[in-house]
Amino acid sequence: MSKYDPLWKWIQNNGTDKFSLTYAEIEEIAGLTIDHSFLTYKKELTEYGYKVEKISMKEQEVIFEKIAGTGNRDYQEG
């Protein structure tokens, strides 16, 4: 189980093709402070049918995008 699982599940349930979240929103959803480890953990998001499109340090936001061809399939294991 990843420390970012609550965020990944929220993103998967959101269902939007492309959207952004501020660092503050991510911290609220995940229940922890976003830090440098996010760069490593973001790879887990593909298991949920999404990817991190862009991280803006200046705007303090992250843009997420649904992976093409994933449709409504459930990528969560278990």
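Measuring r between the beta carbons of Met1 and Glu27 and using R0 = 22 Å, the FRET efficiency lands at 0.75. Based on DSSP H segments of at least four residues, each scored -39500 (n - 2.57), the chain has a per-residue ellipticity at 222 nm of -7000 deg cm²/dmol. With the simple model of a label 7 Å out from the Cα in the direction of the Cβ, His36 to Glu65 spans 2.7 nm.
Just so you know, all these numbers are worked out from the coordinates, no wet-lab data involved. Nothing here was measured: the structure is a model prediction, and the numbers come from that model. Every residue, glycine among them, receives a Cβ derived from its backbone with ideal geometry; neighbour counts consider all protein chains shown.
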